[in-house]
Structures are given as structure tokens and as C-alpha cells.
Amino acid sequence: DVQVEMLEKARELFQLCDKEEKGFITKLDMQRLQSELPLTPEQLEAVFESLEQDNNGYLTPVEFSMGLGKFIGIELYQ
Amino acid sequence: DPNMKAGATSEGVLANFFNSLLSKKTGSP
């Protein structure tokens with residue numbers, strides 16, 4: 001099942017961002033990734049803002065998965 | 001205008017982000 005595989009991948013990638021295993025990603029967590037990813041802090045902030053749905057300052061696993069799903073072209077969590 | 005900024009994000013940066021994460025994931029055992 002592609003969706004299950006997708007969600008599993010999303011979960012793994014989420015954990016790469018949520019190093020402290022808080023269960024959510026903040027803008028600060030995102031900006032810390034600049035040492036590991038070839039993106040600027042501005043780009044990481046832009047990614048955060050485009051993934052975040054409700055503008056509460058936290059990126060949840062659901063929001064993250066939806067963003068990845070949209071990127072890959074698979075509809076998740078309808 | 002924050003909306004313009006968000007629009008400028010576009011898929012390029014997101015693609016870069018996810019691709020980098022994916023290659024990082026597969027790069028480590």
C-alpha cells in the first residue's frame with residue numbers, strides 16, 4: 001500500500017527534524033537543520049510556513065505528512 | 001507582504017527540502 005509506505009517515510013523524516021522527540025517541530029528545530037541540509041535559514045523558514053496549516057507555531061506529524069504527500073502527489077488524510 | 005513570501009516558497013524549496021531529507025535518511029544505515 002503506497003499510502004502506508006508514504007506515512008512510514010513521513011514519520012521517519014519527521015523524526016529527523018524532531019530530534020528531541022517532542023512530537024512536533026518548531027521553527028527553531030527547522031532552522032537548526034541548516035547545518036545538515038543544503039538550505040538557507042530563510043528557505044527552511046519558508047518550508048515551515050508552507051507546511052504549517054493552522055499557524056500555531058508547531059508543525060505536527062499530520063501537517064508534515066500532508067506536506068510530503070502533496071509534494072509526492074499522494075492524497076493523505078482526506 | 002507575507003503572502004508574497006509564502007508564494008515565493010513554491011515547490012522548488014519544498015522539493016529541495018524533502019529530497020535532502022530523503023537522501024539523508026537513505027544515506028545513513
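Values quoted throughout were computed directly from the atomic coordinates according to the rules given, and no laboratory measurement underlies them. Predicted, not measured: the structure shown is a model, and the values here were computed from it. Note: ideal-geometry Cβ built from the backbone for every residue, glycine included; neighbour counts use all protein chains shown.
When we measure straight from the Cα of A:K19, which lysines land under 27 angstrom away, once same-chain ones fewer than 8 places off are left out?
A:K19 reaches A:K9, A:K27, A:K70, B:K24, B:K25.
Could you work out, residue by residue across A:43-55, how many beta carbons of other chains sit within 10 Å of that residue's beta carbon, and then give the average as an integer?
Details: counts 6, 2, 2, 9, 6, 2, 4, 9, 3, 0, 0, 0, 0.
Across A:43-55, the average partner-chain Cβ count within 10 Å equals 3.
To the nearest whole number, what is the average tally of beta carbon atoms from other chains within 10 Å of the beta carbons of peptide A:61-68? Before the final figure, lay out each step's value.
On the way: counts 0, 0, 0, 0, 0, 0, 3, 5.
Per residue, the number of nearby Cβ atoms from other chains is 1 on average.
Per-residue Cβ counts within 10 Å, from other chains only, averaged over B:13-26: what number is that?
On the way: counts 8, 9, 1, 5, 17, 8, 3, 6, 10, 5, 1, 5, 5, 1.
Whole-number average of other-chain Cβ neighbours for B:13-26 is 6.
Could you compute the FRET efficiency for A:N55 and A:Q31, with r as their C-beta to C-beta distance and R0 at 25 Å, rounded to 0.05?
Working: r = 17 Å, r/R0 = 0.69.
Calculated transfer efficiency: 0.90.
Return the sequence-ordered ³J(HN,Hα) values of segment A:42-51 in whole Hz as given by the Karplus equation 6.51 cos²θ - 1.76 cosθ + 1.60 applied to θ = phi - 60°, using x for Gly and Pro.
Values per residue, Gly and Pro as x: 5, 5, 5, 5, 5, 4, 4, 5, 7, 7 Hz.
From the helices alone, meaning DSSP H stretches of at least four residues, give me the mean residue ellipticity at 222 nm for chain A, per-run term -39500 (n - 2.57), in deg cm²/dmol to the nearest 500. Kindly include the intermediate steps, with their values, before the conclusion.
On the way: 4 runs with 45 residues, N = 78.
Taken over chain A, the calculation gives -17500 deg cm²/dmol.
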